[in-house]
1. Do any residues of the range A:15-51 show a loss of at least 30 square angstrom of accessible area between the isolated chain and the full protein assembly, using a 1.4 Å probe, and if so which?
2. Return the equivalent ellipsoid semi-axes of chain B as a descending list in whole Å, where each equals the square root of 5 times an eigenvalue of the C-alpha gyration tensor.
3. For B:ASP39, place a label point 7 Å out from Cα along the Cα→Cβ vector, do the same in each other copy, and report the separations in nm, one decimal, smallest first.
4. Can you tell me which of B:56-62, A:17-23 comes out highest on packing, and rank the rest after it, using the mean Cβ neighbours within 10 Å?
5. Round to the nearest 10 and give me the degree value, 0 to 90, for the angle of helix A:42-54's Cα axis relative to the longest principal axis of chain A.
6. Can you send over the carbon and sulfur percentage of the accessible area for the protein assembly as shown, probe radius 1.4 Å, protein chains only?
7. Leaving out ligands, DNA and RNA but keeping every protein chain, what accessible area does B:THR54 have, in Å² rounded to the nearest 10, with a 1.4 Å probe?
8. Could you count how many Lys pairs in the range A:4-106 have their Cα atoms under 24 Å apart, skipping same-chain pairs fewer than 8 positions apart?
There are 2 protein chains.
Amino acid sequence: MANQLDSFFSAIADPTRRAVIERLTRGPAPVSELHAPHDMALPTFLKHLKVLETAGLTRSVKKGRVRTVHIETEPLAQAEHWLTTQRKLWEGRLDRLSALAERLEKGGDA
Amino acid sequence: MANQLDSFFSAIADPTRRAVIERLTRGPAPVSELHAPHDMALPTFLKHLKVLETAGLTRSVKKGRVRTVHIETEPLAQAEHWLTTQRKLWEGRLDRLSALAERLEKGGDA
DNA sequence: GAGTTGGTTAGCCATGTGGCTAGGTAATGT
DNA sequence: ACATTACCTAGCCACATGGCTAACCAACTC
């Protein structure tokens with residue numbers, strides 16, 4: 001039961017990391033550029049990047065001294081799917097309940 | 001930028017709590033019933049319930065000595081929306097890239 | 001009214017997380 | 001060759017998180 005949703009959701013639970021993801025949807029970027037808008041030390045920021053990468057949300061390649069990071073949407077789709085499923089199950093249940101209520105109202109034979 | 005997505009995502013990053021949500025999509029339930037399938041002490045489990053409730057994923061009412069918990073789908077929809085947006089942005093970008101590649105192939109005037 | 005049930009509070013503990021500094025290495029610019 | 005850039009490693013610290021036990025209260029049951 002403890003699948004990759006664990007690491008995925010906890011990865012995007014952090015605002016810094018969500019911001020990185022948002023940036024990466026506009027295309028790949030080197031570490032330094034990703035770091036720039038965030039007011040924290042580089043090593044701290046690198047930890048965030050590592051979390052994203054081990055959770056499978058990003059990949060990166062190093063060329064020379066520059067590491068370029070890009071996004072990986074597969075996990076996004078998976079998480080989306082889990083959320084959708086739960087919401088629809090609940091909403092489906094509500095639908096059945098209101099249908100039942102309607103039936104009871106009309107032919108009140110229960 | 002640090003909205004309720006923070007607490008939402010970190011709430012569902014835990015397998016126990018996701019299991020509770022999954023259970024609740026089949027309808028409201030009292031604390032004891034929710035607790036039953038989980039091999040942990042009640043107080044520990046109550047903490048999980050509290051996390052879910054403060055994150056706005058559930059609500060609960062106490063009647064007599066029984067507290068009944070039910071799900072709240074609004075936050076689910078919001079989180080879903082964030083994920084969808086990010087995925088689509090990225091995929092849209094890919095589309096534009098491949099369209100560009102195609103144009104370059106045909107009338108190679110760049 | 002004594003016992004049981006369902007939930008709650010308080011407090012302890014180990015581990016995880018997010019921040020820092022200091023110092024290092026390898027590639028590139030001058 | 002020397003300096004600078006871009007990133008990485010190690011190690012420290014404070015606080016959050018997820019687990020526990022013990023003890024408690026309030027509501028039913030008998």
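1. A:PRO15, A:ARG18, A:GLU22, A:THR25
2. Semi-axes (√(5λ), whole Å): 45, 12, 12.
3. Distances between equivalent label points, in nm: 4.7.
4. In decreasing order of mean packing, B:56-62, A:17-23 become A:17-23, B:56-62.
5. Roughly 50 degrees, rounded to the nearest 10.
6. Carbon with sulfur: 54 percent of the solvent-accessible area.
7. 110
8. For the range A:4-106, the number of qualifying lysine pairs is 4.
The values are calculated or read from the model by the stated rules, or taken from the named source; none is laboratory data. Since the model is a prediction, treat every value here as computed from it, not as a measurement. Please note: Cβ atoms are built from the backbone with ideal geometry, for glycine as well, and neighbour counts cover all protein chains shown. Calculation scope for accessible area: heavy atoms of the full protein, side chains included, ligands and nucleic acids excluded. Shrake-Rupley method; radii C 1.70, N 1.55, O 1.52, S 1.80 Å.
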